[in-house]
Amino acid sequence: MSAILAIDQGTSGTKAIVVGEDGAVLAIAEEPVRPDYLAGDGVEVDPEALWRSVLDSGHRAVAEAGVPLAAVALANQGETVLAWDRATGRPLTRAVVWQDGRSRSVTGRLAADAETVAARTGLVLDPYFSAPKMRWIRENWTSSGVVTTTDTWLVHRLCGAFVTDVSTASRSLALAIDEVAWDAGLLDLFGLGGEELPTIVACDDVVGTTSVFGAEVPVCGLVVDQQAALLAQSCLEAGTAKCTFGTGAFLLANVGDHAVRSSTGLTTSVAWRLCGETTYCIDGQVYTAASAVRWLVDLGLLSDARELDAVAAAESGGVLAVPTLAGAAAPWWRSDATASWHGMTLATGRGELVRAVLEGIATQVAVLARSVATDLGSPTSVLRVDGGLTQSAALMQAQADIAQTPVELYPGAHATALGAAAAARLAIDPDLSVADAVGDWEPERLYQPQWSADRAATHLDRWIRTLESGLSADEDSPSGVA
């Protein structure tokens, strides 16, 4: 029996899963990764820690599975970048994580070009994406080596290739989304015209071979983590949508073979290129989901994320939280936004504060779902969900209540790795269809809305007004902080 080692290299950890020929999970190993959150909106991580987490989790999973490998697949963070030496593979800088906001210095001076950038890329001119971070590294840290997303560096260490997959490239602000090719004009705009860029490959391309985890096997199944989860959750038809609750929360909806531009502040990306066909998605982001819960732990309101449902009060007691601790993403795109609690009294306890943060996370996702409905012309009939925070029934019920949409819980917390494994399966068995490679699954649980539509609408309106009043206050403050 041969199997696929699928590695999900994420923001707060790396998960390695060995997947059998029938799609069954044979072994799982995880290694934590903890980014450094710095003053001035910096978020960095040691690249060597990322590599060690890939090696350690991969070796442990392979040893536990005890079966031959047929391929190694990799899902990546998408917008985390570093500079490194191509000759040695040695990092020249720390990795700048997707949450890092310091490249506002780059995007700010390009504000006049925002419409052009959006039209060419399907994205918003924002520090979240790769190109501004790449330029920031060049201006502040080093002009040596190559500057790329972490997937290119990790794959190079695995097999020597210098590539990035099409979905990761589409998150850069340097890819012409309709042509699916590097855009020379955009590269010049970001001052990256002279850079050596990786070759763009399909998600089911074999890019080399590796013996890092034992016998020499193909490296394939390269894909951004969120698109991998969209694939694993069988969102294969236009209009189907999922949300992954990890460090952040990421809602994606399949829009088919045309790069539909959002009218609501969402972004358009390549979902995947498989079997010679390119599929697109629209997506929105919540920057702090599990990272907001980790903040609650750091404050002492929780001893562990597993306490969420035990500590969260049944009602928020009128407390409202805007947990935009790393800025507000779609549809506001205000990386300078700060977080707040409102409506507290002497009767407010930690249960109400925790409940309000959960509702604040769910509310941001509900705003994204409403934006998707506007872009698609009709609401999605169900929201499929995955990720570590889906273990909180309180959060998932709040999500169904506030979005007024049934929530289907994906069985298990491994959708990202399983999506990468599906892409790798297509690489080594091109006779498969995409649906066959993904396989069938049944929801572990279905959450139906319990709030009335009026209550949900009132909550959404109050939350949006609270966030936007804070954004106005930030703009009016001379220091940029109200």
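Just so it is clear, none of the values below were taken in a lab; they were calculated from the coordinates. What you see is a predicted model; the values in this text were computed from it and never measured. Glycine gets a Cβ as well: all are built from the backbone with ideal geometry, and neighbour counts include every protein chain shown.
Could you compute the net charge surrounding residue 298? Neighbours are other residues with a C-beta less than 15 Å from the C-beta of residue 298; K and R count +1, D and E count -1. Here the charged neighbours net out to 0.
Derived scalar couplings between HN and Hα for the stretch 285-302 equal 10, 10, 5, 10, 10, 4, 5, 6, 5, 4, 4, 4, 5, 4, 6, x, 6, 9 Hz in order, rounded to whole Hz, by the Karplus curve 6.51 cos²θ - 1.76 cosθ + 1.60 (θ = phi - 60°), x for Gly and Pro. Compute the distance from the alpha-carbon center of the stretch 231-248 to that of the stretch 105-181, in whole Å. Taking the Cα centre of the stretch 105-181 as reference, the centre of the stretch 231-248 is 23 Å away. Sorting 272, 182 from the fewest to the most surrounding beta carbons within 10 angstrom yields 182, 272.
Can you pull out the chymotrypsin sites (Phe, Trp or Tyr not before Pro) in the stretch 385-479 whose DSSP state is coil and whose Cβ has at most 14 other Cβ atoms within 10 Å?
none
Which whole-angstrom value gives the distance between the alpha carbon centres of the stretch 298-351 and the stretch 48-95? Distance between centres, Cα-based: 34 Å. Ordering 41, 85 by the number of other Cβ atoms within 10 Å of each residue's own Cβ, fewest first, gives 85, 41. Each pair of Cα atoms in the chain enters the Kirkwood radius, and Stokes-Einstein at 25 °C and 0.890 mPa s then converts it into a translational diffusion coefficient of 110 µm²/s.
Note on the stretch 3-233: the alpha carbon radius of gyration divided by the globular reference 2.2 N^0.38 Å gives 1.00. Towards the positive end of the charge dipole of the chain, with charges on Cβ (+1 Lys, Arg; -1 Asp, Glu), say which of 284, 122, 83 has the farthest Cα. Toward the positive end, the furthest listed residue is 83. Annotation: extensible slack from residue 450 through residue 105 equals 119.7 nm (criterion: 0.36 nm per residue apart, minus Cα-Cα distance).
Based on C-alpha pairs under 8 angstrom that are at least 6 apart in sequence, the stretch 172-316 has a relative contact order of 16 percent.
In the chain, helices alone account for a calculated mean residue ellipticity at 222 nm of -10500 deg cm²/dmol, with every DSSP H run of four or more residues adding -39,500 (n - 2.57). The ellipsoid equivalent to the alpha-carbon distribution of the stretch 39-138 has semi-axes of 33, 16, 12 angstrom, derived from the gyration tensor eigenvalues as √(5λ) and listed largest first.
Charged side chains reduced to their Cβ positions (Lys and Arg at +1, Asp and Glu at -1) give the stretch 34-96 a dipole of some 220 debye around its Cα centre. Each of 123, 5, 299 was scored by other Cβ atoms within 10 Å of its Cβ. Listed from fewest to most, they are 299, 123, 5.
Just want to confirm a number: the relative contact order over the stretch 3-233, from Cα pairs under 8 angstrom separated by 6+ residues, in percent. After rounding, I find 20 percent. Here the contact order of the chain, divided by its residue count and restricted to Cα pairs under 8 Å and six or more residues apart, works out to 14 percent.
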